[in-house]
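Novice: Here you go, one structure.
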Amino acid sequence: MSGNAWAPKPADLPAEIAVFPLTGALLLPLGRLPLNIFEPRYLAMTEDSLCQGRMFGMIQPNAGEPGGAHGPSLYRVGCLGRISSFSETDDGRLLITLTGVARFSVAEELPMRRGYRRVRADYAAYLGDLEATPRLVLDRARLEESLRAYFRANRIEANWDAVRETPDAMLVTTLAMVCPFEPREKQALLEAPTLQDRADMLLALVEIGAHGAPEPEGGTRLS
């Protein structure tokens, strides 16, 4: 099943949300994150979300802080997503696509429900994420040159026709989400104040990674 295009307003953003803590998983506004849901608590979270606005938040655990009663410590900023497609497998898993809506700050953590974590979300600093056409100046030639070196260093294959055809804003969002940056780097990309700041940071990370990334065994396909 697939959702239609949805243009939310600030009043559409839920004050209390479930959160899915997942290290290295980055969701950005308008980005699309595929998820394979199989743990019972996250199956329950997804089922509840489907019945209550189809939204939940992605957030990274913060390994640099001690955990608490609900589990690992969380970073203070995550991204609300809306389930834009889903299907169920024969073995009971849910395959969903989560489309990024807006970032949020964790105002407080709420009591758990059916085993999953919940927070009170504050969107005040991130209402600009709801803009349809954020401003961006991107040096495509420099980015593509750096990407080629970065992908070689990390043994990633890319569909360069698709890269060239992707609009600037979506290219920055997609690359930030799929490139194998460290969790702290992904968090910094998430917390970048504007899309322009994120694009500048992305280019810097790609250029640094192109000159010092260790080559992993095997390879990765980026399509």
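Novice: Please list, by residue number, every one of the GluC sites (Glu not before Pro) in the stretch 64-135 that is coil in DSSP and has at most 13 other beta-carbon atoms within 10 Å.
Specialist: Details: sites: 88, 108, 109, 131; in loops: 131.
Listed in order of number, the matching sites are 131.
Novice: Roughly how many whole Å is it from the C-alpha centroid of the stretch 63-95 to that of the stretch 7-53?
Specialist: Here the answer is 7 Å between Cα centres.
Novice: With unit charges on the beta carbon (Lys/Arg positive, Asp/Glu negative), name the residue among 74, 27, 59 whose Cα is farthest towards the positive pole of the charge dipole of the stretch 1-85.
Specialist: Final value for the positive-end residue is 27.
Novice: Go through 138, 125, 183 and say which Cα lies farthest out towards the positive end of the charge dipole of the stretch 88-223; charges sit on Cβ, +1 for Lys and Arg, -1 for Asp and Glu.
Specialist: Towards the positive end, the residue furthest out is 125.
Novice: Given contacts defined as C-alpha pairs under 8 Å and at least six residues apart, what's the relative contact order of the chain, whole-number percent? Before the final figure, lay out the partial values.
Specialist: On the way: 380 pairs, mean separation 51.1, N = 223.
Relative contact order of the chain: 23 percent.
Novice: Out of the trypsin sites (Lys or Arg not before Pro) in the stretch 52-138, which ones are loop residues according to DSSP with at most 16 other C-beta atoms within 10 Å? The partial results should precede the final answer.
Specialist: Numbers: sites: 54, 76, 82, 93, 103, 113, 114, 117, 118, 120, 135; in loops: 54, 76, 93, 114, 135.
Sparse-neighbourhood loop trypsin sites (Lys or Arg not before Pro): 76, 93, 114, 135.
Novice: Still on this structure: Quick one: length gained pulling residue 125 to residue 95 fully straight, 0.36 nm per residue minus the C-alpha distance?
Specialist: Values: separation 30, 0.36 × 30 = 10.80 nm, distance 3.12 nm.
Length difference between fully extended and current span is 7.7 nm.
Novice: Next question, about the same structure. For an R0 of 22 angstrom, estimate the FRET efficiency from the Cβ-Cβ distance between residue 194 and residue 11 and round to the nearest 0.05. Numbers along the way, then the final one.
Specialist: Values: r = 23 Å, r/R0 = 1.05.
Plugging the Cβ-Cβ distance into 1/(1 + (r/R0)^6) gives 0.45.
Novice: Expressed as an acute angle from 0 to 90° and rounded to the nearest 10, what is the orientation of the C-alpha long axis of helix 168-178 relative to the principal long axis of the chain?
Specialist: That works out to roughly 70 degrees.
Novice: A further question follows. Given +1 on the Cβ of Lys and Arg, -1 on the Cβ of Asp and Glu, and no further charges, what dipole in debye does the chain carry about its Cα centre, rounded to the nearest 20?
Specialist: Working: 24 positive and 29 negative charges, 58 e Å.
Magnitude of the dipole: close to 280 debye.
Novice: To continue, here is another question. Just to confirm the number: angle between the C-alpha axis of helix 40-51 and the first principal axis of the chain, 0 to 90 degrees, nearest 10?
Specialist: Result, in degrees: 80.
Novice: For a footprinting-style exposure proxy, rank 206, 137, 172, 178 by other Cβ within 10 Å, fewest first. Let's see the in-between values first.
Specialist: Details: 206 24, 137 8, 172 27, 178 15.
Final ranking by Cβ density, sparse to dense: 137, 178, 206, 172.
Novice: Here's something else I'd like to know. Please rank 201, 55, fewest neighbouring Cβ atoms within 10 Å first, as an exposure proxy. It would help to have the intermediate numbers written out before the result.
Specialist: Details: 201 18, 55 21.
Listed from fewest to most nearby Cβ atoms, that is 201, 55.
None of the figures in this text is laboratory data; all of them are computed from the coordinates on show. As the structure is a computational prediction, the values presented were derived from the model and not from experiment. Here the Cβ is made from the backbone with ideal geometry for all residues, glycine too, and neighbour counts use every protein chain on show.
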